[in-house]
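**Student:** Have a look at the structure that comes next, please.
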Amino acid sequence: MFKGIIADISKVIVGNDEKIKLTLAAIISEGSILIEDYPGSGKTTFAKAITSCLGLNFKRIQFTSDLLPSDVLGFNILSDDKLKFQKGPIFTNIVLADELNRGSPKAQSAFLEAMEEKNVTIDGESYNLPEPFFVVATQNPMDTSGTSSLPDSQLDRFMISYSLSELNDEEKIVMLKKKININQQKSESIDWHKIKEKKNAITIKDEIYKYVVSIEKRIKSLDQKIYVSARCLKQIIDLAKGWAIINNREYVTHQDIKDTIPSILRHRIRFLNPDEKIEFVNKEILEKIDLS
């Protein structure tokens, strides 16, 4: 099933095969995704292509400095002497929060409850979001004008983050020749109930849990500002399950953790440049842990 989805997405997206698989693994794991890159690098096209191919409902919210929380969540209106709730664009399966860090902190915070609890609260009334629900957010690097940093509380809610891979010369030529029609790329509808059953059936041995705890201990020993929350530890396990499913396995291996954890830790590391973070995770954390 996922081979077909990956093939459909690859008809639109040139290169980035590993990022496509990683994104699908995160979505299987019910995690949200943060794509960070410069304007015009294809972030929005990438996000649209993936959501379209999954056959789910999706809406796009363009974040600007004047965007209000009610523009995202919705609001109550008075109709026939009764308050009626008008749903905002967040009521969909996958919401694309485009250029999230161009919005005000108040607008950014509109996603906090939705990303964690899959519901929103308006005027004291809670409303459930559709199932499944995921956020695919894009953000421009901090050195571009008009951006404001996402708070740690929000960054911690994203399961993974990454930048799109640099295309080689041949891939750039293919990209320039390609006529993109995202709306035509739709795979068969996914049975999310079966996906959940598959995920729950994935086998994880105690040695894998111990490995994750060892990673946390190694991070703390570095005495750097890398905050690994309980939510983050759960995300490591959940993403490894999704990665196992993508690779057609019924169990999680140490390599699954190694393959996926750099993308989980990337947006939690603040003291390095983006292009140094993956190497840091591999060399200073993963390679320092003895598996014998």
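The values are calculated or read from the model by the stated rules, or taken from the named source; none is laboratory data. Values in this document were obtained by computation on a predicted structure and should not be read as measured data. All Cβ positions, glycine included, derive from the backbone under ideal geometry; neighbour counts span all protein chains shown. For the accessible areas, the whole protein counts, side chains as well, though only heavy atoms, and no ligand, DNA or RNA atoms are used. Shrake-Rupley method; radii C 1.70, N 1.55, O 1.52, S 1.80 Å.
**Student:** Taking region 216-225, which residues are at negative phi and open to solvent by 20 Å² or more (accessible area, probe 1.4 Å)?
**Tutor:** The answer is GLU216, LYS217, ARG218, LYS220, SER221, LEU222, GLN224, LYS225.
**Student:** Sticking with this one: Given (1) part of a helix (DSSP H, G or I); (2) touching a strand residue (DSSP E or B) at 6+ places or on another chain (Cβ under 8 Å), where does GLN108 come up short, assuming only one miss?
**Tutor:** Condition (2) is where GLN108 drops out.
**Student:** ASP223 is checked against (1) outside any helix (DSSP H, G or I); (2) in contact with a Ser or Thr (Cβ under 9 Å, 6 or more places away or on another chain); (3) not hydroxyl-bearing (Ser, Thr, Tyr) and fails just one. What number does that condition carry?
**Tutor:** (2)
**Student:** Starting from region 112-128, take each residue that is in contact (Cβ under 8 Å) with a residue 60 or more places away in the chain and list its partners that are not in a loop (DSSP other than H, G, I, E, B), counting only C-beta distances under 7 angstrom and pairs at least six apart or across chains.
**Tutor:** MET115/SER32; MET115/VAL135
**Student:** Here are SER109, SER161, SER148, SER104: which of them is closer than 25 Å to ALA240 by Cβ and either small (Gly, Ala, Ser) or at pLDDT below 85 (or both)?
**Tutor:** The unique qualifying residue is SER161.
**Student:** Got a sec? Which helices (runs of 4 or more DSSP H) wholly within region 226-292 have at least 1 residues that are under 18 Å from the mean Cα position of the chain (by Cα) and within 26 Å of GLY4 (Cα to Cα)?
**Tutor:** Result: 230-246, 254-265.
**Student:** Among the numbered conditions (1) open to solvent by less than 20 Å² (accessible area, probe 1.4 Å); (2) under 17 Å from LYS19 (Cα atoms); (3) free of Cβ contacts under 8 Å to residues at least 60 places away in the same chain, tell me where GLU279 comes up short.
**Tutor:** (1)
**Student:** Which condition number in (1) farther than 26 Å from PHE58 by Cα; (2) surrounded by fewer than 21 Cβ atoms within 10 Å (Cβ to Cβ); (3) charged (D, E, K, R) is the one that GLU197 fails?
**Tutor:** GLU197 satisfies every listed condition except (1).
**Student:** Here's something else I'd like to know. Considering region 227-249 alone, what residues qualify as being open to solvent by 60 Å² or more (accessible area, probe 1.4 Å) and not polar (S, T, N, Q)?
**Tutor:** Across region 227-249, the qualifying residues are TYR227, ALA230, ARG231, LYS234.
**Student:** Let me ask something additional. From the list ILE20, ILE61, which residue is under 16 Å from the mean Cα position of the chain (by Cα) and under 30 Å from ILE122 (Cα atoms)?
**Tutor:** From the options ILE20, ILE61, the qualifying one is ILE61.
**Student:** While we're here: If you check VAL252, VAL213, which single one turns out to be at pLDDT 95 or above and open to solvent by less than 20 Å² (accessible area, probe 1.4 Å)?
**Tutor:** Just one listed residue meets the conditions, VAL252.
**Student:** Out of (1) at pLDDT below 95; (2) open to solvent by 40 Å² or more (accessible area, probe 1.4 Å), the odd one out for LYS258 is which?
**Tutor:** Answer for LYS258: the failing condition is (1).
**Student:** Oh, and also: Could we say that LYS106 is within 20 Å of ASN140 (Cα to Cα), of a type in the set (Lys, Arg) and open to solvent by less than 40 Å² (accessible area, probe 1.4 Å) here?
**Tutor:** Criteria not met by LYS106.
**Student:** What is the one condition in (1) out of contact with any Pro (no Cβ under 8 Å at 6 or more places or on another chain); (2) within 22 Å of ILE122 (Cβ to Cβ) that THR44 does not satisfy?
**Tutor:** (2)
**Student:** Looking at region 212-226, I want the residues that are free of Cβ contacts under 8 Å to residues at least 60 places away in the same chain and have a partner that is open to solvent by 60 Å² or more (accessible area, probe 1.4 Å) and not β-branched (Val, Ile, Thr) with Cβ atoms under 7 Å, at least 6 apart or on another chain. Which pairs are those?
**Tutor:** These pairs meet every condition: GLN224/PHE271; LYS225/ARG270; LYS225/PHE271.
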